[in-house]
Amino acid sequence: MKKQIVFIEYFPTIHGYKVAKGLRKSGRYETVLISFNKVDRKFFGTGYDKIINLEVSQKINFKNLFFFIRKMFSKEWSKFFAEIKSLNPYIVQVNNLDLLTRLSLFLIDAKVPKIYYAYDILAFYRKKFSMRENFLKKIEKYYFKKMDGILHKGPREELTLLDYPVNVPDLALLPGCLEDWTYVPKKKNMKEIHLAVAGPPLESDYYINPFKNIIREITFQKIHLHIYGKSLLNNKYFLKEEKNNSYFHYHDKVSPDELNKEISNYHYGLVSDFFNKLINPLWLKTSIGNKMYNYLEAGLPIIMTNDLQAMADIVKKHKIGICIDYKDIKELKNILKGIDYEKLQKNIKVAQKELNISNLIKDLESFYEKVAEIKTKYR
């Protein structure tokens with residue numbers, strides 16, 4: 001009989017999808033997604049055996065409050081919670097701190113092992129004080145203390161950087177490469193260099209310089225720059241920049257299962273986050289994003305900022321790209337000329353196998369067993 005793994009995610013995540021698909025592929029598990037946001041069932045249905053979904057906005061205003069109360073007395077609401085109560089989980093894995101996610105845990109039998117997947121650790125995130133984030137950090141601390149196990153995607157030692165001890169089993173689980181989305185590095189014409197950014201333009205108060213400056217500095221060297229995803233703040237600016245700059249390519253967002261295929265035709269994947277002193281140094285030290293794995297899956301060597309230390313360490317360890325500082329952007333073309341590109345591609349092929357999600361699932365299965373065994377022992 002298959003063991004049921006239940007994922008509770010307010011926003012369905014790509015990393016959760018990859019883990020679910022890896023578990024499902026093993027043939028030993030039934031994967032279930034519980035979500036309170038809009039779910040693309042056609043896409044996420046290829047990773048989860050069952051999806052239990054109730055769309056509820058958590059923004060606090062009169063309109064949403066009226067909608068929420070009305071929904072509480074609807075058949076849809078009753079069906080949603082009945083479906084949750086009917087589950088028989090081996091493990092429940094939750095990655096959000098929001099109210100509905102917390103409430104849904106009360107519907108799961110207390111005897112079922114519950115794991116908190118710390119997708120981003122708020123305690124490391126920023127220096128600025130925020131009442132909302134301060135409250136969520138208290139919930140995060142409660143999860144770290146009271147859950148039966150902790151998953152996190154940063155370095156193995158990152159939980160020791162918290163200002164309180166975590167005394168439950170933990171596992172550092174990297175995003176990994178999904179076999180279905182992985183492409184062997186292709187032979188490339190190097191006359192013109194094309195860089196890919198798997199995501200929208202980077203816009204934040206935490207960056208040293210606006211991304212507009214990085215675009216100009218890269219394209220001035222006659223390097224093509226491809227951005228996937230539209231800006232929420234300055235869309236008109238980037239549309240105008242594309243019109244006037246033949247080296248800047250401003251693409252629409254592409255679905256996760258198609259993105260890697262498209263960017264596999266370019267030369268490098270770019271992570272160009274250069275931060276100012278507003279950001280918490282612990283976040284820089286521990287953060288690992290999915291973007292790097294998009295590039296690895298697409299067979300692209302990676303141009304990585306030194307500021308993101310955990311990701312830079314992975315690039316250096318596997319020798320799958322170069323790590324740069326902000327000052328290097330202006331000399332990027334000269335730097336790339338001195339690189340043995342074919343050697344990087346060979347290293348990419350090796351890393352794709354080593355960091356395949358199927359290999360990571362073996363560690364996850366052992367972790368699940370350990371958490372379940374401890375939970376059973378102390379019932």
Open item on the list: Taking the conditions exactly as written (within 20 Å of residue 202 (Cβ to Cβ), over 17 Å from the mean Cα position of the chain (by Cα) and in a helix (DSSP H, G or I)), does residue 363 satisfy them or not?
Closed with: no
- [ ] Restrict the check to segment 176-189 and report whether at least one residue is among the small types (Gly, Ala, Ser) and under 19 Å from residue 356 (Cα atoms).
- [x] yes
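The rows are residues; the columns are (1) in contact (Cβ under 8 Å) with a residue 12 or more places away in the chain; (2) in contact with a Lys or Arg (Cβ under 8 Å, 6 or more places away or on another chain); (3) part of a loop (DSSP other than H, G, I, E, B).
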{"residue": "150", "(1), (2), (3)": "yes, no, no"}
{"residue": "154", "(1), (2), (3)": "yes, no, yes"}
{"residue": "160", "(1), (2), (3)": "no, no, no"}
{"residue": "164", "(1), (2), (3)": "yes, yes, yes"}
{"residue": "171", "(1), (2), (3)": "yes, no, no"}
{"residue": "175", "(1), (2), (3)": "yes, yes, yes"}
{"residue": "183", "(1), (2), (3)": "yes, yes, yes"}
{"residue": "186", "(1), (2), (3)": "yes, no, yes"}
{"residue": "189", "(1), (2), (3)": "no, no, yes"}
Task: Sole residue being farther than 22 Å from residue 266 by Cα and of a type in the set (A, V, I, L, M), chosen from 332, 284, 300 - done: 284
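Let's see how each residue does on (1) at pLDDT 95 or above; (2) under 27 Å from residue 372 (Cβ atoms); (3) surrounded by 14 or more Cβ atoms within 10 Å (Cβ to Cβ); (4) in the same structural domain as residue 95 (by TED's automatic domain parsing):
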| site | (1), (2), (3), (4) |
| --- | --- |
| 15 | no, yes, yes, yes |
| 25 | no, yes, yes, yes |
| 32 | yes, yes, yes, yes |
| 42 | no, no, no, yes |
| 53 | no, yes, yes, yes |
| 59 | no, no, no, yes |
| 63 | no, no, no, yes |
| 71 | no, no, yes, yes |
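Would you point out which residue out of 285, 277, 253 is assigned to a helix (DSSP H, G or I), among the basic types (Lys, Arg) and assigned by TED's automatic domain parsing to the domain that holds residue 328? Show your work before the answer.
Working: 277 fails: assigned to a helix (DSSP H, G or I); 253 fails: assigned to a helix (DSSP H, G or I).
None of the others qualify; the one that does is 285.
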Task: Residue identified as within 19 Å of the chain's Cα centre (by Cα) and on the phi > 0 side of the Ramachandran plot among 289, 299 - done: 299
Open item on the list: Just to be sure I understand the filter: pairs with C-beta atoms under 6 Å, separated by 6 or more residues or on different chains, first member in segment 338-358 and free of Cβ contacts under 8 Å to residues at least 24 places away in the same chain, second member assigned to a helix (DSSP H, G or I). Which pairs pass?
Closed with: none
Task: Filter result (closer than 18 Å to residue 52 by Cβ, of a type in the set (Gly, Ala, Ser) and surrounded by fewer than 18 Cβ atoms within 10 Å (Cβ to Cβ)) within segment 86-112 - done: 86
Open item on the list: Can you tell me which of (1) assigned to a loop (DSSP other than H, G, I, E, B); (2) surrounded by 17 or more Cβ atoms within 10 Å (Cβ to Cβ); (3) β-branched (Val, Ile, Thr) is the one residue 115 doesn't meet?
Closed with: (1)
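I'm trying to understand the selection: among the residues of segment 234-250, which are of a type outside the set (Ser, Thr, Tyr) and either within 30 Å of residue 18 (Cα to Cα) or outside the structural domain of residue 328 (by TED's automatic domain parsing) (or both)?
Within segment 234-250, just 249 meets the criteria.
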Task: The lone exception for residue 307 - which of (1) acidic (Asp, Glu); (2) touching a residue at least 60 places away in the same chain (Cβ under 8 Å); (3) not in a helix (DSSP H, G or I) it fails - done: (2)
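The values are calculated or read from the model by the stated rules, or taken from the named source; none is laboratory data. Remember, predicted model here, so these are calculated numbers, not experimental data. In this analysis, Cβ positions are derived from the backbone assuming ideal geometry, glycine residues included, and neighbour counts consider all displayed protein chains.
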